[in-house]
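So the structure is just underneath, and the comments pick up after that.
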Amino acid sequence: MNLLGIFWAVGCVIAAMIWEGGHPSALINGPAFLIVIAGTCGCVMVQYPIKVFIGALKRFGWLVKPPMYDLAAQVSMLEGMATLARQQGLLALENEIAKIDEPFLSKGIQMVVDGVDKEQVVHLLENEIEFEQHELEQSAKVYEALGGYAPTMGILGAVLGLIHAMGLLDQPDKLGPAIAVAFVATVYGVGACNIIFLPTGNRFKGIAHDVAFYKNMILEGILSIASGENALQLKRRMEVYTEAHH
């Protein structure tokens with residue numbers, strides 16, 4: 001649905017252009033694309049380490065398939081482990097760890113089984129959540145930076161195009177098309193900023209929030225199990241998250 005929004009916005013722009021009698025091919029310009037898109041990427045690579053920049057580009061696929069979390073399934077699994085721990089002790093959970101497909105939950109339960117102090121478990125898992133949040137926020141900031149530089153690079157491309165157009169003053173038949181092409185760079189810059197880069201950055205912030213919400217729910221469940229609470233008590237803890245999610 002997120003990627004559909006980009007196509008919808010671009011489609012509206014093209015439809016309006018056709019409505020006014022223009023032709024979409026007028027927006028196709030290689031030099032303008034090179035200046036705006038490649039130039040903007042270069043600016044961001046100055047601002048962020050290449051590893052962070054590439055990581056953000058790889059996550060662009062989240063617009064098509066964002067991380068999906070089944071809160072109900074995790075709550076059910078936590079309730080089952082809470083019941084098992086109450087009946088047979090925490091060591092009985094060791095056989096259940098292999099069945100867990102969520103690495104964060106698996107790591108937390110393993111620490112509980114190993115007898116790690118609850119405060120230490122909280123500290124380690126909260127640190128993991130914080131580090132992951134920092135990484136996701138960096139990706140969001142990369143797209144915000146792309147959105148910040150793109151319009152300026154568009155203006156730069158327009159100015160360079162106008163410089164070229166001024167050299168055609170003695171050829172009036174070529175002057176008009178040259179000026180039109182010059183402004184394509186501005187369209188690229190403003191369009192990429194407001195249709196792709198800034199919305200993507202804001203979407204990543206939303207995904208980061210969802211990830212933190214999910215991981216904090218699991219952490220709460222792990223602490224409940226470590227404290228020896230029964231499945232009903234754990235379920236009550238989880239209701240805060242499941243109800244908020246709906």
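The values are calculated or read from the model by the stated rules, or taken from the named source; none is laboratory data. Keep in mind the model is a prediction, meaning the values are calculated, not measured. Cβ coordinates were reconstructed from backbone atoms using ideal geometry, including for glycine residues, and neighbour counts include every protein chain displayed. In case anyone asks, the SASA skips ligands and DNA or RNA and just uses the protein heavy atoms, side chains included. Shrake-Rupley method; radii C 1.70, N 1.55, O 1.52, S 1.80 Å.
Observations
- Scanning the stretch 47-57 for residues that are of a type outside the set (Phe, Trp, Tyr) and surrounded by 10 or more Cβ atoms within 10 Å (Cβ to Cβ) yields Gln47, Pro49, Val52, Ile54, Gly55, Ala56, Leu57.
The rows are residues; the columns are (1) free of Cβ contacts under 8 Å to residues at least 60 places away in the same chain; (2) part of a helix (DSSP H, G or I); (3) within 20 Å of Cys43 (Cα to Cα); (4) among the basic types (Lys, Arg).
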{"site": "Val122", "(1), (2), (3), (4)": "no, yes, no, no"}
{"site": "Glu137", "(1), (2), (3), (4)": "no, yes, yes, no"}
{"site": "Gly147", "(1), (2), (3), (4)": "yes, yes, yes, no"}
{"site": "Pro151", "(1), (2), (3), (4)": "yes, yes, yes, no"}
{"site": "Gly157", "(1), (2), (3), (4)": "no, yes, yes, no"}
{"site": "Leu162", "(1), (2), (3), (4)": "yes, yes, no, no"}
{"site": "Ala165", "(1), (2), (3), (4)": "yes, yes, no, no"}
{"site": "Val190", "(1), (2), (3), (4)": "yes, yes, yes, no"}
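- Some residue of the stretch 44-61 being of a type in the set (S, T, N, Q) and farther than 23 Å from Val142 by Cβ: no
- Test result for Phe131, without any contact (Cβ under 8 Å) to a residue 12 or more places away in the chain and within 20 Å of Ile54 (Cβ to Cβ): yes
- Qualifying residue in the stretch 92-107 (condition: at pLDDT below 90, touching a helix residue (DSSP H, G or I) at 6+ places or on another chain (Cβ under 9 Å), over 22 Å from Leu232 (Cα atoms) and of a type in the set (Phe, Trp, Tyr)): no
- Among residues of the stretch 113-142 being under 21 Å from Gly89 (Cβ atoms) and aliphatic (A, V, I, L, M), the one that is most open to solvent (accessible area, probe 1.4 Å) is Val116.
- For the stretch 192-246, filtered to residues that are part of a loop (DSSP other than H, G, I, E, B) and polar (S, T, N, Q), the residue that is farthest from the chain's Cα centre (by Cα) is Asn230.
- Of all residues in the stretch 17-37, those satisfying the criterion of being under 17 Å from Asn194 (Cα atoms) and either open to solvent by 30 Å² or more (accessible area, probe 1.4 Å) or touching a strand residue (DSSP E or B) at 6+ places or on another chain (Cβ under 7 Å) (or both) are Leu27, Phe33, Ile37.
- Being modelled with pLDDT under 95 and farther than 30 Å from Asn127 by Cβ is a description that applies to Ile196.
- Filtering the stretch 193-222 to residues that are closer than 17 Å to Leu71 by Cβ and open to solvent by 30 Å² or more (accessible area, probe 1.4 Å) leaves His209, Asp210, Phe213, Asn216, Glu220.
Residue-wise test of (1) closer than 30 Å to Val190 by Cα; (2) among the β-branched types (Val, Ile, Thr).
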| residue | (1), (2) |
| --- | --- |
| Ile50 | yes, yes |
| Pro66 | yes, no |
| Asp70 | no, no |
| Ala73 | no, no |
| Glu94 | no, no |
| Ser106 | no, no |
| Val112 | no, yes |
| Ala140 | yes, no |
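- Out of Glu119, Glu126, sole residue that is within 24 Å of the chain's Cα centre (by Cα) and farther than 30 Å from Asn194 by Cβ: Glu126
- Yes/no for Ala9 being under 19 Å from Gly161 (Cβ atoms) and surrounded by 11 or more Cβ atoms within 10 Å (Cβ to Cβ): no
- Exclusive hit being closer than 19 Å to Ser227 by Cβ, of a type in the set (S, T, N, Q), open to solvent by less than 30 Å² (accessible area, probe 1.4 Å) and in contact (Cβ under 8 Å) with a residue 12 or more places away in the chain, set Gln74, Gln110: Gln74
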